[in-house]
1. Please verify whether the stretch 1-10 includes one or more residues that are assigned to a helix (DSSP H, G or I), basic (K, R) and modelled with pLDDT under 90.
2. Taking the stretch 3-13 as the search range and keeping residues that are touching a residue at least 40 places away in the same chain (Cβ under 8 Å) and among the small types (G, A, S), which one is farthest from L66 (Cα to Cα)?
3. Over 12 Å from the mean Cα position of the chain (by Cα) and surrounded by fewer than 12 Cβ atoms within 10 Å (Cβ to Cβ), is that true of A37?
4. Find all pairs meeting these conditions: Cβ atoms under 7 angstrom apart; at least six residues apart or on different chains; first residue within the stretch 47-68 and under 12 Å from L8 (Cα atoms); second residue surrounded by 11 or more Cβ atoms within 10 Å (Cβ to Cβ).
5. Provide a single number: the residues in the stretch 13-70 that are acidic (D, E) and under 21 Å from A3 (Cα atoms).
6. If you go through the stretch 12-34, how many residues are among the aliphatic types (A, V, I, L, M) and surrounded by fewer than 15 Cβ atoms within 10 Å (Cβ to Cβ)?
7. Taking interchain pairs and intrachain pairs at least six residues apart, which have beta carbon atoms under 9 angstrom, with the first residue in the stretch 14-43 and more than 14 Å from L56 (Cβ to Cβ) and the second of a type in the set (A, V, I, L, M, F, W, C) and surrounded by fewer than 11 Cβ atoms within 10 Å (Cβ to Cβ)?
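The values are calculated or read from the model by the stated rules, or taken from the named source; none is laboratory data. Not measured: the values here are computed from a predicted model. We place every Cβ from the backbone using ideal geometry, glycine too, and count neighbours over all the protein chains shown.
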Amino acid sequence: MRAAVRFLWNATRGHRLRPWRSEYLRWRIETYSGREAHSIGAREFFRFVWQEKGRLIRFLHWTSQLDEGK
């Protein structure tokens, strides 16, 4: 759990209260879904998170496993 929170904290640096403005997260969404990064606003961000919540949870679980292996 700590690794997941650490990942989210680092990924939203500078935009913690508005994660949809994070260049890093916008780039990740663009490369994953094919949506243009400059067109991702709050609505599109939260729609993506809701639609992909299962995969995002698995990803965060994976990051915690990587962190434990250090």
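1. Checked the stretch 1-10: at least one residue is assigned to a helix (DSSP H, G or I), basic (K, R) and modelled with pLDDT under 90.
2. My answer is A4.
3. Judged against the criteria, A37 is not a match.
4. Final answer for the pair search is L56/V49; L60/A4; L60/F7; T63/A3; T63/A4; T63/F7; S64/A3; S64/A4.
5. Matching residues across the stretch 13-70 total 4.
6. Taking the stretch 12-34 as the starting set, the residues that turn out to be among the aliphatic types (A, V, I, L, M) are 17, 25, 29.
Okay, now just the ones that are also surrounded by fewer than 15 Cβ atoms within 10 Å (Cβ to Cβ), so 17.
Number of matching residues: 1.
7. Filtered contacts from the stretch 14-43: R16/W9.
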